[in-house]
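A.B. asks: Mind looking over this structure? Questions follow.
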Amino acid sequence: MLHTDLYIDGAWHKTDTRFDVINPATEQVIASVASAEIADADAALDAAERAMADWAKRTPRERSEVLRRAWELMTTRLEDFARLITLENGKARADAMGEAAYAAEFFRWFAEEAVRADGMITRAPASGARIMVQHKPAGLAVLITPWNYPAAMGTRKIAPALAAGCAVIIKPASETPLTMLALMPLLEEAGVPKGLVNVLPSKRTGALVDHMLHDPRVRVVSFTGSTGVGRTLLKSAADQVLKPAMELGGNAPVLVLQDADMDTAIDGTMLAKMRNLGEACTAANRIYVHESIAAEFTQRLAARMSALKVGDGSDPGVDVGPLVNASTRDKVAAFVADALDKGATLECGGTIPEGPGYFYPPTVLSNVPQDADCVHDEIFGPVAAIQTFTDEEDAIARANATEYGLVAYVFSRDFRRAMQVCERLDYGMVGLNRGLVSDPAAPFGGTKQSGLGREGGHEGMLEFMETQYISADW
């Protein structure tokens, strides 16, 4: 059963205004979904305020047990969530299963972190007063999630907020609201009180979110998406001086050093590039390969990419599903055309297939010039853009020459040398000899214009808490 209405105060609410959700593999309408208006946002805020008054008083263990049950329930329903993710997002079944499992893990991780909001008692050196430090729930949180991970980007925010003692209102992406709505009955079954989690799909995202961010009861805004939208939200958040957690755009470099193990480098680059079809802020965007191994690397990467099967993500054996919509596909095609016009070499792919669906084939470009658009902007699709280098200093300088700083990848057999390179990269995360950095136990986030704050790890829960200091004599 597809849930297509607003979820407010533990109940489903219909609206007069609705919008269609499209299957990107067929371009057919999946469902018509309720579109929230300002009055719905106010109702959700009222419900969240009531629910948080009780939830914040519960013991950390009580909150932990609810999250633990959510993890247990979700792990028994991964297939159901994967099918829904593929239906509205398009990703292949293996990717969708991976996302569903990853999404569930945030409930388990923050079930364990809920009991670890450690404080401190010490004594002021000069006055002798006791310094007591504790962490308290920050307040109502507005969560804005993207379409590329319709389950995981929600649970990565919901779980730490609930662990911290906060109530939340979620605005899922209009392309993929169904997965988040489907999660709500599971949370009810796990014991989440009504009103604590509310979901507001809407086609009026800007006005709806801006209204909530100017409500004095809201104290946290957590957003995953583009840097441009993040800047807009930060401006709105400034009016209320909200706690912002922003996971924004990326332009991830891959550095394949001269001494890299070729098998490891190819496997890692494939994972970093093609996980989620390249529709990820962590996706490899610029691939710098030492010129002495560039020919072999390019040939092997092109062979691996061209062997991937493209099709409807729900069909057996499909490796690569469609991109999420026509504009995303057309933007990817424009990046490829621009690079070829400026002198890049097409190794494989590069042509939009005929027929329905927003498909684009896995593509490898070599000899990509520095002025190509894909070097400076996120491709967000299955295109690997290769450049070569001879001098390691030059490779590091080119890798850092961007306003983004989310993630980078380094491949080298020499651990000491590789660590020196990693530490010189201006990125919040680095994958060393691996193409995957995302983990619920790790603090996910970037530097520069790739965001503020961290998600996952212990730090993820602290984004939803305020530090209180009490000075006491006794």
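A.B. asks: Please give me the summed charge of the neighbours of K342: other residues whose Cβ is under 10 Å from its Cβ, Lys and Arg +1, Asp and Glu -1.
C.D. replies: Local net charge: -4.
A.B. asks: Same structure, new question: Using just the helices of the chain, give the 222 nm mean residue ellipticity in deg cm²/dmol: DSSP H runs with n ≥ 4 each add -39,500 (n - 2.57), and the total is spread over all residues, rounded to 500.
C.D. replies: Helix contribution divided over all residues of the chain: -12500 deg cm²/dmol.
A.B. asks: Turning to a different aspect of this structure: Out of the total accessible area of the chain (probe 1.4 Å, heavy atoms of protein only), what percent is carbon and sulfur? Before the final figure, lay out the partial values.
C.D. replies: On the way: 9350 of 18340 Å².
Here it works out to 51 percent.
A.B. asks: Let me ask another. Keeping all protein chains in position, work out how much accessible area L181 exposes to a 1.4 Å probe, and write it in Å² to the nearest 10.
C.D. replies: Answer for L181: close to 0 Å² accessible.
A.B. asks: Still on this structure: Which length gain, in nm to one decimal place, applies between Q420 and T467 when the Cα-Cα distance is subtracted from 0.36 nm times their residue separation?
C.D. replies: 13.4 nm
A.B. asks: Express the relative contact order of the chain as a whole percentage, based on alpha carbon pairs under 8 Å and six or more residues apart in sequence.
C.D. replies: Here the relative contact order equals 19 percent.
A.B. asks: While we're here: Of L233, G206, A190, whose Cα points farthest to the positive end of the dipole of the chain (charges on the beta-carbon: +1 Lys, Arg; -1 Asp, Glu; origin at the Cα centre)?
C.D. replies: The one lying farthest along the dipole's positive direction is A190.
A.B. asks: In debye, nearest 20, what is the charge dipole magnitude of the chain about its Cα centre with +1 on Lys and Arg Cβ and -1 on Asp and Glu Cβ, if you could check?
C.D. replies: In debye, rounded to 20, the chain gives about 1160.
A.B. asks: Any idea how far the Cα center of segment 251-304 sits from the one of segment 152-194, in Å?
C.D. replies: 35
A.B. asks: While we're on this one: Just want the answer: with Cβ charges of +1 for Lys and Arg and -1 for Asp and Glu, which residue in A272, H135, A344 is farthest toward the dipole's positive end in the chain?
C.D. replies: H135
A.B. asks: Taking a point 7 angstrom from the Cα of K136 along the C-beta vector, which residues in segment 430-474 have backbone N less than 20 Å away?
C.D. replies: Under 20 Å, as judged by backbone N against the label point of K136, lie 461-474 of segment 430-474.
A.B. asks: Still on this structure: Along the Cα→Cβ direction, 7 angstrom out, place labels at M262 and N367. What is the inter-label distance in nm?
C.D. replies: 2.1
A.B. asks: Also, quick follow-up: Would you tally the net charge around R413, using a Cβ to Cβ cut-off of less than 10 Å, leaving R413 out, and scoring K and R as +1, D and E as -1?
C.D. replies: With Lys, Arg at +1 and Asp, Glu at -1, the net is -2.
A.B. asks: Taking the Cα centroid of segment 446-471 and of segment 71-131, what is the distance between the two, rounded to the nearest whole Å?
C.D. replies: Computed from Cα coordinates, the inter-centre distance equals 15 Å.
The values are calculated or read from the model by the stated rules, or taken from the named source; none is laboratory data. Bear in mind that the values here come from a model prediction, so they are computed numbers and not experimental data. Using ideal geometry, Cβ is built from the backbone for each residue, glycine included, and neighbour counts are taken over all protein chains shown. For the accessible areas, the whole protein counts, side chains as well, though only heavy atoms, and no ligand, DNA or RNA atoms are used. Shrake-Rupley method; radii C 1.70, N 1.55, O 1.52, S 1.80 Å.
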